[in-house]
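*Asks:* Below: one structure in structure tokens.
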Amino acid sequence: MITVEQTRNDFESDIGPLVKSFFPEETVWMKKAPPKDPVTYRLYADVREHSMRLLFFGADGREIFDVSDSAELSNKPEYRNVIKRLLYRSLSAYTGKELPWGAQTGVRPAKIALDRLGLGWTEEEIRSFMKEHYLCSEEKTDLSIRIAKKEYRLLSALEKKGYSIYIGIAFCPSKCLYCSFPSYAVQQYGNLMDDYLLALFKEIEFAKDCLPWELQTVYVGGGTPTALDANRLERLLKKIRDTLDFSHVREFTVEAGRPDSITEEKVRILKQYGVTRISVNPQTMNQRTLDIIGRRHTAEDVKRAFSMARQAGHDNINMDLIMGLPGEDLPEAAHTLDEIGKLSPDSLTVHTLAIKRAADLNIYKERYQAMIPENTEEMLGLAAEFMKEHEYFPYYLYRQKNMTGSLENVGYAKEGKEGLYNILMMEEQQTILALGAGGTSKYVFPAGGRIERTDNCKSITDYIGRIDEMIARKRNFLEKEGGAFL
Ligand code: SF4
């Protein structure tokens with residue numbers, strides 16, 4: 001356990017993740033209460049108005065480093081970057097490690113490049129900025145710029161002011177080991193589906209005309225929307241199509257997600273209601289891993305579900321993969337890619353396992369600790385090579401906290417098959433109204449980069465019982481901020 005003490009808490013979310021990235025096996029303890037486990041290192045951050053000092057000690061009290069720098073606390077973004085660079089360089093010198101993303105701890109590295117492209121910066125200026133400011137590696141700087149250029153081109157094609165709607169279906173056939181989404185196993189909570197849909201329909205009614213712009217993308221995710229039986233799925237899609245104005249919708253995505261939830265009837269219904277993009281998510285094609293992570297479907301089910309979707313006429317199918325699952329190494333990653341290559345989906349999203357606090361994988365850490373792979377970076381390299389060879393191009397990127405190897409998730413697509421919603425959401429380019437349990441609506445203000453959020457309850461029973469309150473939160477926000485926002 002590494003304890004972090006600070007004279008102020010302003011930089012907690014910068015210091016904590018950076019320390020964790022250097023010592024992924026350690027818990028970083030930032031609370032005032034005494035730590036529960038034995039302490040291996042202590043970091044002390046002395047934050048002053050015009051300067052900072054970082055002291056790092058070993059368990060035996062020996063000083064490892066004592067470094068300082070200066071910046072104006074009144075200019076927080078700049079202060080933040082100076083303190084992160086100072087910490088990064090000191091920890092890097094001590095551990096001998098370099099992190100691919102350097103001192104960059106944010107979840108949207110491509111947004112740094114995208115925003116600057118919008119301001120007219122040249123590629124070279126962005127490259128120097130990312131290297132000097134965030135100490136990013138050459139490879140990750142290149143990836144960010146490449147993705148930002150693609151995003152810039154795709155977003156420029158959206159002419160008018162628009163918004164998107166996200167609809168969350170919080171049910172799944174079973175709960176995956178690593179899941180930290182709002183998701184409820186059908187077997188246990190299936191009896192709540194009708195009440196859930198009723199509440200959701202109320203929210204869809206509210207959303208239909210609360211913004212005066214073009215609705216440009218609709219994304220139904222979860223959970224697993226296809227965990228609904230065919231009848232309920234059809235009712236949901238009918239409600240969406242009958243209520244929302246689809247005249248300007250450029251993309252209508254439904255995450256079919258779990259292959260064990262896909263049937264011929266459901267993929268036909270998705271097509272019938274004009275869904276333009278679906279995902280069928282294997283995560284891995286290794287049966288042993290699927291069993292460990294609790295997916296309760298086979299690799300053969302993935303192939304079957306994919307071919308059903310193709311036969312129903314779906315010509316834009318995404319597949320999600322995870323690198324770094326318990327017990328997997330390079331041969332397992334190669335096998336997955338090989339099997340996926342035979343299916344030839346239109347886009348692939350390659351995730352790196354992020355072990356979140358709430359997920360079972362973290363709760364049962366002791367049981368799976370020995371199975372967490374160490375060479376996720378090499379697996380990502382293998383995936384990147386595969387993408388190049390099969391002409392999938394990277395088009396969006398994000399990072400999560402507690403990611404294995406301090407790496408990233410990358411969306412790849414064949415030319416013209418990119419998921420527009422993914423870019424809009426990830427790069428915070430337009431307002432997204434989120435409906436359903438656990439949804440967070442994001443309101444992007446036209447000026448000054450301001451973004452505000454309203455949250456829905458995560459628990460489905462709360463969502464069902466408090467739906468009027470969820471709607472009122474959005475309504476109140478829009479009434480209060482109307483002038484500046486609209
Ligand atoms: S399918 Fe996705 S949302 Fe459902 S339990 Fe698994 S990880 Fe969670």
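What follows draws every value from the coordinates through simple rules; no lab data is involved. Everything numeric in this text was worked out from a predicted model, so none of it was measured. FYI the Cβ positions are ideal-geometry reconstructions off the backbone, even for glycines, and counts take in every protein chain you see.
*Asks:* Setting aside same-chain residues fewer than 8 positions from K36, which lysines have a Cα under 21 Å from its Cα?
*Replies:* K20, K356, K365
*Asks:* Putting +1 on Lys and Arg Cβ atoms and -1 on Asp and Glu Cβ atoms, find which of S68, L55, Q104 reaches farthest to the positive end of the dipole of region 53-135.
*Replies:* Working it through, the farthest residue towards the positive pole turns out to be Q104.
*Asks:* For A93 and T298, what does the FRET efficiency come to when R0 = 60 Å and r is the distance between their Cβ atoms, rounded to the nearest 0.05?
*Replies:* 0.80
*Asks:* Could you grab the relative contact order for region 1-97? Cα pairs under 8 Å, six or more apart, rounded to a whole percent.
*Replies:* 26 percent
*Asks:* Would you mind listing how long region 1-97 runs along its three principal axes, going by Cα atoms, in whole Å with the largest first?
*Replies:* Between the extreme Cα coordinates on each principal axis of region 1-97 lie 36, 31, 22 Å.
*Asks:* Sticking with this one: To make sure I understand, if each residue's beta carbon is the centre and we count other beta carbons within 10 Å, what order do R232, R8 fall in, fewest to most?
*Replies:* R8, R232
*Asks:* For K342, which lysines qualify as cross-link partners when the Cα separation must be under 26 Å and same-chain residues fewer than eight apart are set aside?
*Replies:* The reachable lysines, counting only those whose Cα sits under 26 Å from K342, are K266, K271, K303, K388, K414, K417.
*Asks:* What size of dipole, in debye to the nearest 20, comes out for region 211-275 about its Cα centre when the only charges are +1 on Lys and Arg C-beta atoms and -1 on Asp and Glu C-beta atoms? If you can, show how the numbers build up before the last one.
*Replies:* Details: 10 positive and 10 negative charges, 22 e Å.
Charge dipole of region 211-275: 100 debye, to the nearest 20.
*Asks:* What fraction of the DSSP beta bridges in the chain is antiparallel, stated in percent and rounded to the nearest 5?
*Replies:* Values: 30 of 69 bridges.
Percent antiparallel among DSSP bridges in the chain is about 45.
*Asks:* Suppose a student asked you for the relative contact order of the chain, using Cα pairs under 8 Å spaced at least 6 residues apart; what percent would you report?
*Replies:* 14 percent
*Asks:* I would also like to ask the following. Please list the non-local residues whose amide H lies under 5 Å from the amide H of H248, H modeled 1.01 Å from N, same-chain partners needing a gap of 5 or more.
*Replies:* L215
*Asks:* Pull the list of the chain cysteines that no other Cys approaches to under 4.7 Å, Cβ to Cβ.
*Replies:* Flagged as lacking a Cys partner: C136, C172, C210, C457.
*Asks:* Can you tell me the alpha carbon radius of gyration of the chain divided by the globular rule-of-thumb value 2.2 N^0.38 Å?
*Replies:* Cα Rg divided by the expected 2.2 N^0.38 Å: 1.00.
*Asks:* Can you check how the C-alpha radius of gyration of region 158-435 compares to 2.2 N^0.38 Å, as a plain ratio?
*Replies:* For region 158-435, the normalised Cα radius of gyration comes out at 0.98.
*Asks:* Note down the relative contact order for region 158-435 as a percent, whole number, built from C-alpha pairs under 8 angstrom at least six residues apart. Mind showing how you got there, number by number?
*Replies:* Numbers: 519 pairs, mean separation 56.3, N = 278.
That works out to 20 percent.
*Asks:* Additional query: Pull out the extension gain between E72 and V444, defined as 0.36 nm times the separation in residues minus the alpha carbon to alpha carbon distance; nm, one decimal.
*Replies:* Computed gain between E72 and V444 is 131.1 nm.
*Asks:* Here is a follow-up. Under 18 Å from the Cα of K32, which aspartates and glutamates turn up, not counting those fewer than eight places away in the same chain?
*Replies:* E5, D10, E12, D14, D46
*Asks:* Rounded to whole Å and sorted largest first, what semi-axes of the equivalent ellipsoid does the C-alpha gyration tensor of region 238-364 yield via the square root of 5 times each eigenvalue?
*Replies:* 29, 17, 13
*Asks:* Sticking with this structure for a sec: Starting from the Cα gyration tensor of region 370-472, take the square roots of the eigenvalues, sort them a ≥ b ≥ c, and report rounded, prolate or oblate (rounded when a/c is under 1.5, otherwise prolate if a/b is larger than b/c, else oblate).
*Replies:* On the way: a/c = 2.48, a/b = 1.65, b/c = 1.50.
Cα axes put region 370-472 in the prolate bin.
*Asks:* Sticking with this one: Enter the angle in degrees (range 0 to 90, nearest 10) between the Cα long axis of helix 123-134 and the first principal axis of the Cα atoms of the chain, meaning the one along which they spread out most.
*Replies:* Value to nearest ten degrees: 60.
*Asks:* Mind checking the full-extension length gain between S13 and C210? Use 0.36 nm per residue of separation minus the Cα-Cα distance, one decimal, nm.
*Replies:* Fully extending the segment from S13 to C210 adds 67.5 nm.
*Asks:* Further, regarding this structure: Given charges of +1 on the Cβ of Lys and Arg and -1 on the Cβ of Asp and Glu, with all other atoms neutral, how large is the dipole of region 1-97 about its Cα centre, in debye to the nearest 20?
*Replies:* Computed charge dipole of region 1-97: roughly 140 debye.
*Asks:* With charges set only on the Cβ (+1 for Lys and Arg, -1 for Asp and Glu), what does the dipole of the chain come to about its Cα centre, in debye to the nearest 20?
*Replies:* Computed about the Cα centre, the dipole is about 940 debye.
*Asks:* Related question: Which angle from 0 to 90°, rounded to the nearest 10, does the C-alpha axis of helix 109-118 make with the longest principal axis of the chain?
*Replies:* That works out to roughly 80 degrees.
*Asks:* Dipole of the chain (Lys/Arg Cβ +1, Asp/Glu Cβ -1, origin at the Cα centre): which of N476, I240, Y178 lies farthest to the positive side?
*Replies:* Farthest along the dipole direction, towards plus: N476.
*Asks:* Cα axis of helix 230-243 to longest principal axis of the chain: angle in degrees, 0 to 90, nearest 10?
*Replies:* It works out to around 80 degrees.
*Asks:* Sticking with this structure for a sec: At 0.36 nm per residue, minus the direct Cα-Cα distance, what do Y152 and D315 gain on full extension? Give it in nm, one decimal, please.
*Replies:* 56.2 nm
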